[in-house]
Every structure is written in structure tokens, then in C-alpha cells.
Amino acid sequence: MAREGHLYSAKLSEQAERYQDMVSEMKQLATLATEAELSIEERNLLSVAYKNLVGARRASWRILQSVEQSETAKGNDARVKLIQGYRSTVEKELDEICGEVLETLGKYLVPSASTPEAAVFYLKMMADYHRYQAEFKSDEGRKAAADLTLAAYQAAQDKAAELSTTNPIRLGLALNFSVFYYEVASQPELACSLAKQAFDDAISDLDSLGEDSYKDSALIMQLLRDNLTLFQTIRFHSIEYYCSDASNTSKRFQHGLGMTLVGKSDLSTGNSQYASYVLRSNDLVFTFTAPYSRTAWVHSPPSVTPFPAFDQAAAHDFVSRHGLAVRAVGLEVEDADAAFKASVEGGAIPVMEPIVLNDVYGTATVAEVLMYGDVVMRFISGDYTGPFLPNYEVVDAPKITYGIVRLDHAVGNVPCLADTVNYITGFTGFHEFAEFTTEDVGTIDSGLNSKVLACNNEMVLMPINEPTHGTPRKSQIQTFLEQNEGPGLQHLALKTNNIFRTVREMQARSDYGGFGFMPRPSVKYYKELPNKIGDALTADQYKEVEELGILADRDDQGVLLQIFTKPLGDRPTVFIEIIERVGCMKALAAGDSCLTKRGARHKVLPEAAGIAPGTKLPARQGVDVDFAPDDGGAAAGASGAAASASSTSAVKLPEEGEWAPGGAVDSVVVEQAAGCGGFGKGNFSELFKRIEDYERTLSIQNASYNASASGVSMSSMSGVSLSGLSLGAVKDAVEEAAEASAA
């Protein structure tokens, strides 16, 4: 009865949120472990009791440390002394709690562990509390605590080899051990290596994971993956095109896509280097930049350029090689300076070191690294509220919109997929979101291979394609690489919440200065479409889809509606995709959208992580990284194609460890999961047929690509990496391979 009494009292104390009482009961229960080992429920309650007790003090210590740093910077010595005294009190309490836990573990629990799982649980818990001591101790005390932490984690890791790679306790150990390496030992490489190994091992064995532990393991795997990210990416910021005539090109996009002119920099603003015009539609920002004369600026007054790093000669060369093409993919990040440094350390080729720009609308830090070909990844951070970047003149032009909301994904074409993926994931920490092979993406005549990369919150999606060879027709990707004179950005998928309205507006202007669309799918395609999509669309919507020539596909989560324009310029290279995603709505606490709390770390509602309402969550077992939501754009409302979930609802926000509907009313924003409905895998064959039909109208060689035409066999190119290289570097690599082949 004594054991049952302690257990019941501990649960009662937890409900009353009296964690000191809960600790007292669980400590008494732990002393009985020498007679009978603690059950899983009992050891989880022990962990929860001490974690709540120590967690409040750790939070207090961090706040006091921050305030102390602030007052020190201000030179307020008297206040600093007061804070230091208060901090010492908190440190003493922390030390006593940690010492109590460690004594209980060492005296009763570790010796009584009879299973590998129990042993790992207790050794990991021991390491965690040594780590908490190392966080606030200094000098020799910190070193001693760090040494004990490392020894305990290593002992736990050795024992964890007896557990499955997907066991949540083993995964939690890997997560916390990696936190130790990163925060205490200051060894980020080891931290990332350990977390990546644990994640990769678990992924390979995911099929063997039992249903009872799937959710626990999946949550910890998400945290492991998040810790692998080298910098915090928030969303797409903007896309910058280089062209030969920015004035007329921007006006065509205004007219064709329904975008408003919001900013400019040209001769009228004192910029004698280049003309640049900024268009906007909701959260989509396009900038069109064209270099002026190579010589005329010499005779002009000093140029007022918003972007000091602009290279006029390089811009002329870019346009000469690629025509109208994307030069920069702008990403809003938490810290552009940190993103640049982490990227270069991760192997990225630097293009522009961080620079700080400012005007009356605020400050922006901007940096660039090479992505692939001549396309750069541009990091942007700061408090800037202007239309694009500082020192562009704001334009108050008539508002125009066809309903385009934001950029959904940006697709690149490269010669070698594996090399490019390794390069980009190596410096960004982005993960592979999806993969398609030539069996998925192609026809009997041509095809491609593709992988989709994503940042942690999956608001930045970057598919990358490579051509396949040996088919009757040359792959459309190979056509792009030839016409673009190297790797580049092939198309941009623009998201709308009403694709019918957006496409009608665009098609009404196709013959009057707007953009044309690819040939319509076949009659057979639309006849068979209801069998694939089901009742996700109404009969009237099916008619509208066919009337407008829209493609439709679905995955197990939602529906994708998509349509593709013809190339945007003279060359068959860059084009636009218009999409609408239907379904996959997730609830987030109000204010947790990336648009309102950028870069913040939040706890996700359990239902947003795929956990049913009312499900009891496991004890967090010392995990220090907050659960992070799938940040999205503006709250999604009713879809144009099918009624989606309501954009807002009222639920009780989750308590620590449990979620239940009802109770106090708080606003919850409903956002759409990234990639909802997929990327049109079911449409690839039909789409390729339409592209092949279009290419037949052009004077483009239709024979399959044969590298030997340039004296280079594909086998001789197998060791040559072309991804991320400019045209000149690609040519050099080809010539070197040719020489090697001849030898």
C-alpha cells in the first residue's frame, strides 16, 4: 500500500501543480526500487517531477543572466551586483536539486535497472542533470560537471546499442547528447554528426516501428532534424530576375500576373548603374533588374545605387548567357550574417559577404552564396518594412491582383542531381522533402529525376531536376540546360487560393501582352480525372478544371490543382506554374505564425503534429528544444476549388503534456501544411506530353542527348561534378573530361 500511496499522491500533486510535493513522493517511491524496479509509469513520473522543479529554476537563471548582461552594458554596477546575488541564490537551488536527483539515481535507480531500456533511461537522466550543473557553473566546476556529463552520456550510448534505432529513449538520448556537444562542449560538428546519425538510422528502420511508440519517436526525430539545421530559415523573401529591359519586362509581369509596382531604382532616382523595379502580389515579391550602358555611367553624376555590391559587367554577362532569368532566390532568415557564415563553413561558395542597408523604413542585412549555375541564394534579415530592400523609392501605383498569394516552390535544373543536393543540403541543413525518378516523371520519350529540398518549417521548398539520357527525345531538362547555357532556375510555382479566378484573369490577357499556357491536356485525361480525384471536387468544379485546362492530382493529405505557362521570354527556359492546394489544414496558437513571430521557438499543438485530441503525451525526458510549429503564411481561408477548413476556430490551448478541446477560448490560426496534395506526380506524364507537343513547334533538336557529340562519353563524365558551377566552369570540366577520355 505504501507504494500505491506514494504513486497516487504524486499524481495528485502533479494535477495540483505542486511539483515539490510530487518530487517528495517520487523520491520516497524511488527508494523502494531496490525491492521492486520502478515501472515505466513510475519512472516517467519521476522524470516529470524533477524536470518541472528544475525547469523553472533554469528559466529563471537564463532570465537573470540576460538582465545582468543588459545592465552590465549600461554600466549599472549597483544593479549588476544585486542581480548577481539573486542569481547565486537560484544557482544554489539548482545545484541542490541536481545533486538530489543524481544521488537518487546513483544510489537506487541505476543499480536496480534490469533492462537495457531502464538502464539507458536512468543513465541519460543522470547525464542530463550533470549537464544542467555545467550550464551555470564556471571554471573548474564547469569542467568537472562537463566531464561527468560526457561520461554518463557515453555510458548510456553504449547501453543504447541494445535498443532499436527507433526506440524513443534511444532517440531522446541522441537528441540530448547532441545538445551537450553543441551548448556545453562547443563542438557543433560532433553535435550535428551525432544527431544526423541517429536520425538516419531511425529513418532506415522506420517501417519496423510499432504503433505504440510511433508518435513518441516521430516527435523526437522531428527535433533531431530541426537541430541539424545550420540556420533559421523563415520563408521566401523575394525573387530577382536579371533582364535586358527592366521597364518593359516588369510591366508585362504586372499585366500578366496581376502584380502591383511598389518600388523602383533607376535614372530618375539617381541610379546610373541599373534599372530595377519591384512588383508585389500579397506575399509574392518579384524584382526586375537590367544593367545600363557599360560606359555611359562614367559621364554621369555619382550613382545612388541601393545595392552597392551590384556588378554591372557581371549583370551584362548574365543576361547575355541566360536571357531573362532568375538571378537571386531571396530567403528571409533569422540572421543573415550567421546564415552566411554557417553556409560558408558548410561548403557554400561565397558571392557577397553580409552588408547592412538602411533607410527610413528600417534596416536589412543581406548576404549571398552560390546556389547553382549563376543563381545565388540571398539571405535577408532585419526589421525592414519597405517594399523590397532599403533605398528603393516607394511607388504609390494603382493596386492590381489576380489573387496570387505567395511563392510555393522554386525549381532548379542541373546536370547532376546528387552533387547539387549534397552541396545545398551540406550548407543549409535543408532536408529531402520528396523524391521522383524517371519512372514517376516522364513519358516513353523523355524524363527526369528530381528531389525536393525543404527548410525546417517547410515554407521554403526547392525541387531540383536533372535530365535523363538515352530516351527517344531529349529531356526537357536537357533543353533547358542548353538554352540557358548551364544550370539555372527553371520555374516558380505561385500559390493562389482561387485558381479558377487567377487563371481566368491570366488567360483573358494571354493574347494581349500576358502569358500563354501550355497545350491543354487530352480529353481522355479529363474523362478519367474523377476516378483519380474522387469527390474532392464537385461536378461544376470538374467542368471548370477542364474548361481552363487545369491539371489535378492528390495525395493522402489533399488535392493539388496546377497549370503551367509557356516560357516567359524568347528562350524555352524559365516559366511559371500557378497552383492551388486544398486540404491539409493545421491549427496553430494565434501569434505562432512565422509572419507574426519570426524566428521564435514555439511549442506545436499536438494535433498539428498528427496527435489526436485528448492523447496523453509522453514525459519529455529532458528534451531541451521546444516543439516548433510548421510555420506558414497568412491564415488560409476558403479555397477557390473546394471548401477548406475554417481559417480560425476556438479551442483550449494545450497544457503541458495534454490537449483537450473546450474550456478557455483562445484564437487558433489554421495554416496549410507544406506540399499539400504533392507536386503533381500523377500529372507528370500528361504534362510531359504537353511540353513535348510545345517543343515540337520549336526548332529544337528532338534527338536524344548524346554527350559524345562533343567528344565526351557519359562514362568519362561520371566523376565530374557540374552542380553549382557557372558556364565557364562547366565548359572547363567538359574539356578536362574530354582530354581524359582521349587519353
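The values are calculated or read from the model by the stated rules, or taken from the named source; none is laboratory data. Just so it is clear, the structure is predicted and the values come from calculations on it, not from any experiment. Heads up, the Cβs are rebuilt from the backbone with ideal geometry, glycines too, and the neighbour counts pull from every protein chain shown. Note: areas computed on protein heavy atoms with side chains; ligands, DNA, RNA excluded. Shrake-Rupley method; radii C 1.70, N 1.55, O 1.52, S 1.80 Å.
With 449, 465 as the choices, which residue is part of a strand (DSSP E or B) and either surrounded by fewer than 16 Cβ atoms within 10 Å (Cβ to Cβ) or free of Cβ contacts under 8 Å to residues at least 40 places away in the same chain (or both)? Even if it seems obvious, please write down each step before you answer.
Working: 465 fails: either surrounded by fewer than 16 Cβ atoms within 10 Å (Cβ to Cβ) or free of Cβ contacts under 8 Å to residues at least 40 places away in the same chain (or both).
Just a single option satisfies the conditions, and that option is 449.
Looking only at region 213-258, how many residues end up being buried (at least 23 other Cβ atoms within 10 Å of the Cβ), under 21 Å from residue 400 (Cβ atoms) and among the aliphatic types (A, V, I, L, M)?
2
May I ask you to verify whether residue 541 is at negative phi, within 24 Å of the chain's Cα centre (by Cα) and not basic (Lys, Arg)?
No; evaluated as a whole, the condition is false for this residue.
For residue 192, only one of the following conditions fails: (1) under 18 Å from the mean Cα position of the chain (by Cα); (2) of a type in the set (A, V, I, L, M, F, W, C); (3) open to solvent by 50 Å² or more (accessible area, probe 1.4 Å). What is its number?
Condition not satisfied by residue 192: (3).
Return the only residue of 267, 279 being hydrophobic (A, V, I, L, M, F, W, C) and more than 31 Å from the chain's Cα centre (by Cα). Let's see the steps before the verdict.
On the way: 279 fails: more than 31 Å from the chain's Cα centre (by Cα).
From the options 267, 279, the qualifying one is 267.
When residues of region 123-140 are filtered for being more than 12 Å from residue 153 (Cβ to Cβ), open to solvent by less than 30 Å² (accessible area, probe 1.4 Å) and touching a residue at least 40 places away in the same chain (Cβ under 8 Å), how many remain?
Within region 123-140, residues that are more than 12 Å from residue 153 (Cβ to Cβ), open to solvent by less than 30 Å² (accessible area, probe 1.4 Å) and touching a residue at least 40 places away in the same chain (Cβ under 8 Å) number 2.
Among the residues that make up region 54-75, is at least one of them under 14 Å from residue 104 (Cβ atoms) and in contact (Cβ under 8 Å) with a residue 12 or more places away in the chain?
Yes; the residues of region 54-75 include at least one that is under 14 Å from residue 104 (Cβ atoms) and in contact (Cβ under 8 Å) with a residue 12 or more places away in the chain.
Just checking, does region 33-43 include any residue being more than 18 Å from residue 119 (Cα to Cα), out of contact with any Ser or Thr (no Cβ under 7 Å at 6 or more places or on another chain) and assigned to a helix (DSSP H, G or I)? First the steps, then the outcome.
Within region 33-43, the first condition is being more than 18 Å from residue 119 (Cα to Cα), and the residues that meet it are none.
Taking every residue of region 33-43 in turn, none turns out to be more than 18 Å from residue 119 (Cα to Cα), out of contact with any Ser or Thr (no Cβ under 7 Å at 6 or more places or on another chain) and assigned to a helix (DSSP H, G or I).
Within region 510-540, how many residues turn out to be among the hydrophobic types (A, V, I, L, M, F, W, C), touching a Gly at 6+ places or on another chain (Cβ under 8 Å) and not in a loop (DSSP other than H, G, I, E, B)?
Summing the residues that are among the hydrophobic types (A, V, I, L, M, F, W, C), touching a Gly at 6+ places or on another chain (Cβ under 8 Å) and not in a loop (DSSP other than H, G, I, E, B) in region 510-540 gives 2.
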